[in-house]
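The values are calculated or read from the model by the stated rules, or taken from the named source; none is laboratory data. Since the model is a prediction, treat every value here as computed from it, not as a measurement. All accessible areas refer to the heavy atoms of the entire protein, side chains included, with ligands and DNA or RNA removed. Shrake-Rupley method; radii C 1.70, N 1.55, O 1.52, S 1.80 Å.
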Amino acid sequence: MDGYQGPTALIESAWKELNGSDADHRGSRLDAVSDVLETGRLTQDDAERAVERLVTVALSDEGHPVRESALHAVCTASTHYKLPYRVVEPLAVGADGFEPLLLDYVLSILGSTHDQAALPILEGFLQHPHPDVRGEAADGIHELGWSRKSSQGETV
């Protein structure tokens, strides 16, 4: 296998195992997907497809550990790929349904898109009762502001 086919085969294998595994093993399959995303060796299109599937898992009625593994994998992807807002937008739409620990992941992911469309969602969590959520919302807004200034050629 070449440098591209190897990671693609690994991620496809993980998806197959994920679909057929019991709840106890689903988190470890998602960790395998995260490991592949961390290599940064997928094409942008393949990474986006993987993230779309991870978002679906994160929004499912799976248990907390499985949903957290999916969100962790999306966060990992966001450090190695530029994720368009459209790929993670379902997380924004469903943000109110996440418990605080998972919401931290969601807000981080939204900020990492550098898309101003995420701003109203992030601003909505600045008054959240949990300080970690408020902090993550503020960090995401800061990231969006940094991105906007950089794209306009302003000094950051």
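Here are the numbers:
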read-out	value
Solvent-accessible area, 1.4 Å probe, carbon plus sulfur percent, for segment 29-121	52 percent
Gain upon complete extension [Asp132, Glu99; 0.36 nm per residue less C-alpha separation]	10.7 nm
Arg41, Arg134, Arg26, Arg86, reordered so the largest accessible area comes first (probe 1.4 Å)	Arg86, Arg41, Arg134, Arg26
Segment 32-64 and segment 119-143: distance between their alpha carbon centers, rounded to Å	24 Å
